[in-house]
Amino acid sequence: MSDLTNLDTLTPEQESLVLDAIEGQLRPERRPEFERLLDGCPGLEQDIARLTESRNLIAALASVNEPEVDFAAPVLERVESLAVEPETPILHLQHMDPPARPRLQISSTRVRTLAAAAAVLIIAALSFSFLKSGPVKPKTNPGPDIAAAPDGIAPDALDPSGQAPAPELAQAERELRSVELAQTHWTQTRNAEPTLAEAAALLSSGRLVIRTLAPSRDIARAGVDALKTGLDAQSTAWEIVSPSARAIAARFDQPEDTAPIMAMDEQTGLRLEIPRARLIDVWTARVEPDASAIASLVHSLRELGFTVRLEALPEPVELDDPLENALWWDQSPATWQPIESAPIVIETLDR
Amino acid sequence: MQVPSQAVAKTFDNIPDETLAQQAARGDREAATEIIKRIERPVFSLCLNLVGPHEARDLAQDALVRVLTKLDSFSGRSKFRTWVYRVTTNECLSHLRRRSRSPVQYGLETDPRPQIGEPNPDSGIQMDESLSRVRGALMNLPDDQRAILVLRDVRGLEYEQLSEVLEIPIGTVRSRLFRARKALVKLLEQHPPEAD
């Protein structure tokens, strides 16, 4: 009896042919190819017969009369005990809440009051520092509120404690802070966020929108690339379908406003100009109308660096479903899951 | 008017697995019980052929608990049974990997794998010598080869389902299946049946 070395020389195509023959599934049109293979390799037929015999033996295990089992009671007991002390779920509902950030007050009619208070603080700080360590050189580029500040000193050049001139808040640090403030501003100026269960109901009625904000264009671009290259492979409960039609995207595009947005950072006491959010793209997501599916999608978007906010639309939005969704039709209706569409609005901070 | 209990008892006869799974995921205890009844035998059988008779019951229960607690992650893109096989196979293969890393090594006397051709007196399963021999040979194959043979030949999964259960591409399914078939023949021929 050979040691099956005939089988070691087969190409993957020939292996596939042999596998089909072993299982009795060789299609008639492939039979001539199979016979040519046998003719060209003496001894192969015997090897295939041995494979077939062992295959039939394994298949016979399916008919073995195995003992009756009844696992319902112990399994349900274990499941219910787990429900009392559940495993840590992948996503807690609480994770949907935005992280706590310092409260922010955006300039508006109250800005004058705030500016006056800031000016008093600045004067006090300057006087103190002048007495202690000599005059402070004015900055060459004082920022938008320079006219309102006495002595031409930018308010953000000072330590809010008034102890000394600010330990020179570096440009990078200031930019970082302004991005954080802009993200907070963006979140706080959105409509109230629905709970996950409410979001699932909104999704079912076509009224859910998933708004995202990237801190920079690079992160937004990387995020969009991730959507293009199959971010949805992470989940079976949702998928990212395609960019939405221009008409849909236009619906989320705000008219351009070039006036600067100033923000008071209560953490440092400084007023900073914060970048505006600009629309980059709108994509369509298909999601099971289920809290865990929505949470999973939100989590994945956050992993890409987006700030994510769920919102209710006043009216249902009609999203275009591309033809490939029809692939689901070839499966049994029993396997269908309700699945709904929602726009993912992608914005970035315009820096 | 009091309604007789039989009149309100749920009947699940014509309800597909996938619908039952949805009901169970929403906390319907009766649906969960019905699901267990439908899948416990194939799950036990798969465990029996993957980990052997000594551990099959425990592993089958572990797999069923896993199925019920993960129902919300079943999306319906595949058949429910395919998903159940995937969960069960993962449970068994994880167990086997943990066991292989265990500092307690199985000696010849304590090795739970049956010797080829040796019946398993405590398995409660009646089978003739040739089947006992092939099950013994299966248990002596590498885990990945045993899994693919059992899923294909005993459970009857298609290549696409094997690809999904084992999380490998179709091409790898074919090559692994081919290698597993060769390895099994060699094992069986190294341990021919004893002559009467």
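Every read-out reported here was derived from the displayed coordinates using simple, explicitly stated rules and does not represent laboratory data. All of these numbers come straight from a predicted model, not from anything done at the bench. Here the Cβ positions follow ideal geometry from the backbone for every residue, glycine too, while neighbour counts run over all protein chains shown.
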Margin query: With unit charges on the beta carbons (Lys and Arg positive, Asp and Glu negative) and the dipole taken about the Cα centre of the range A:5-63, which residue among A:LEU19, A:GLY43, A:PRO32 sits farthest to the positive side?
Written below: A:LEU19
Next item on the list: Give a residue-ordered list of calculated ³J(HN,Hα) values for the range A:63-70 (Karplus: 6.51 cos²θ - 1.76 cosθ + 1.60, θ = phi - 60°; whole Hz; x for Gly, Pro).
Entry: 9, 5, 7, 7, x, 5, 10, 9
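Let me have the relative contact order for the range A:5-63, percent, based on Cα pairs under 8 Å that are six or more residues apart. Walk me through the intermediate numbers first.
Details: 23 pairs, mean separation 24.7, N = 59.
Value for the range A:5-63: 42 percent.
Would you list A:VAL64, A:VAL282 from fewest to most Cβ contacts within 10 Å? Please list the in-between numbers first.
Working: A:VAL64 18, A:VAL282 23.
Fewest-to-most Cβ neighbours within 10 Å comes out as A:VAL64, A:VAL282.
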Notebook entry, point to check: What's the exposure ranking of B:THR11, B:THR172, A:THR307, going from fewest to most Cβ atoms within 10 Å?
Noted result: B:THR11, B:THR172, A:THR307
Check: So, with +1 on the Cβ of K and R and -1 on the Cβ of D and E, and no other charges, what is the size of the charge dipole of the range A:5-63 about its Cα centre, to the nearest 20 debye?
Finding: 160 debye
Check: Which three lengths, in whole Å and largest first, does the range A:5-63 cover when its Cα atoms are put on their principal axes?
Finding: 37, 27, 17
Item checked: Rounded FRET efficiency, nearest 0.05, which uses the C-beta distance separating B:GLU158 from A:GLU77 and R0 of 45 Å -> 0.80
Item checked: Cβ-based exposure ranking for B:ARG179, A:ARG302, A:ARG271, in which fewest neighbours within 10 Å come first -> A:ARG302, B:ARG179, A:ARG271
Notebook entry, point to check: Taking R0 as 45 Å, what's the FRET efficiency between A:GLU29 and B:ARG41 from their Cβ-Cβ distance, rounded to 0.05?
Noted result: 0.70
Item checked: Nearest-20 debye value, the range B:10-67 charge dipole, Cβ charges on Lys, Arg, Asp, Glu -> 60 debye
Item checked: Cut-off 11 Å between beta-carbons: net charge of the residues surrounding A:GLU288, Lys and Arg +1, Asp and Glu -1 -> -2
